[in-house]
Amino acid sequence: MTTFSRRKVTALAVGVLALTLAGGGIAVAQPGTRAPQGSVQPAVRQPGNSGQPAVSAADARAAKAAMSQRIGITSTGPGTVAWAVVSDAGVLLRGSPDVVSAKRYGTGQYQVLFNYNVSGKSYGATVGTTDALNVPPGGEASVAPRRGTPNGVFVQTRTSTGGVGNRPFHLVVHN
């Protein structure tokens, strides 16, 4: 019986490899090709540089105050989701009861504060709008824990060409 199972696994592995190579092959960079006009490569980060703005004393006080704003309804239990919808200006438009505030630091740099520690959670964000047709502008959003703020999430938005740009976004935190 084990020989039969081993043969199946081997055949499956060979089949997956064959389909992968036949379907997409292996991409090779061509020396004469150039990036499209207008595309921007992200800046190279130096060791110790998180790419986030520094946390000011006022921001640290706001984050500490947010931790004490516990509301009766919380989304901190296992398997729950906290969420926020933030405008391109950094205004918190709506969110779950545990979202306290949102702030824009600079072009495409945002912070969202919660009333509980989110440093060990999973984050996800996407560019999105709140208009009736819900057609977001082109772009992308990336997320990270907010440096020095255990109840904060840092969101950076970019245009569809890769340049830093202000974009509205939807953020989720999976507990």
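The values are calculated or read from the model by the stated rules, or taken from the named source; none is laboratory data. None of the values given here were measured: they were computed from a predicted structure. Positions of Cβ are generated from backbone atoms using ideal geometry, with glycine treated the same way; all protein chains shown enter the neighbour counts.
Tell me, yes or no, whether the stretch 143-153 has at least one residue that is surrounded by fewer than 18 Cβ atoms within 10 Å (Cβ to Cβ) and more than 19 Å from residue 114 (Cβ to Cβ).
For the stretch 143-153, residues surrounded by fewer than 18 Cβ atoms within 10 Å (Cβ to Cβ) and more than 19 Å from residue 114 (Cβ to Cβ): absent.
Being surrounded by 16 or more Cβ atoms within 10 Å (Cβ to Cβ) and not charged (D, E, K, R) is the filter here; which residues of the stretch 89-103 pass it? Reasoning before the result, please.
Start the filter on the stretch 89-103 by keeping residues that are surrounded by 16 or more Cβ atoms within 10 Å (Cβ to Cβ), which leaves 90, 92, 95-96, 98-103.
Matches in the stretch 89-103: 90, 92, 95, 96, 99, 100, 101, 102.
Residues that are surrounded by 15 or more Cβ atoms within 10 Å (Cβ to Cβ) and either without any contact (Cβ under 8 Å) to a residue 24 or more places away in the chain or not in a loop (DSSP other than H, G, I, E, B) (or both): does the stretch 131-138 have at least one? Give the derivation first.
The initial filter retains those residues of the stretch 131-138 that are surrounded by 15 or more Cβ atoms within 10 Å (Cβ to Cβ), namely 136-137.
Still in the list and also either without any contact (Cβ under 8 Å) to a residue 24 or more places away in the chain or not in a loop (DSSP other than H, G, I, E, B) (or both): none.
No, that holds for no residue.
Would you check which residues across the stretch 145-175 are hydrophobic (A, V, I, L, M, F, W, C) and farther than 22 Å from residue 59 by Cβ and list them? Even if it seems obvious, please write down each step before you answer.
Applying the first criterion (hydrophobic (A, V, I, L, M, F, W, C)) to the stretch 145-175 yields 153-155, 164, 169, 171-173.
Hit for the stretch 145-175 is 172, nothing else.
Any residue that is over 19 Å from the mean Cα position of the chain (by Cα) and modelled with pLDDT under 60 - is there at least one of those in the stretch 72-88?
yes
Restrict the check to the stretch 53-70 and report whether at least one residue is modelled with pLDDT under 85, part of a loop (DSSP other than H, G, I, E, B), surrounded by 13 or more Cβ atoms within 10 Å (Cβ to Cβ) and hydroxyl-bearing (Ser, Thr, Tyr).
no
Could you check the stretch 115-130 and list, in sequence order, the residues that are out of contact with any Gly (no Cβ under 9 Å at 6 or more places or on another chain), assigned to a loop (DSSP other than H, G, I, E, B) and either within 12 Å of residue 87 (Cβ to Cβ) or of a type in the set (Val, Ile, Thr) (or both)?
128, 129, 130 - these are the residues of the stretch 115-130 that are out of contact with any Gly (no Cβ under 9 Å at 6 or more places or on another chain), assigned to a loop (DSSP other than H, G, I, E, B) and either within 12 Å of residue 87 (Cβ to Cβ) or of a type in the set (Val, Ile, Thr) (or both).
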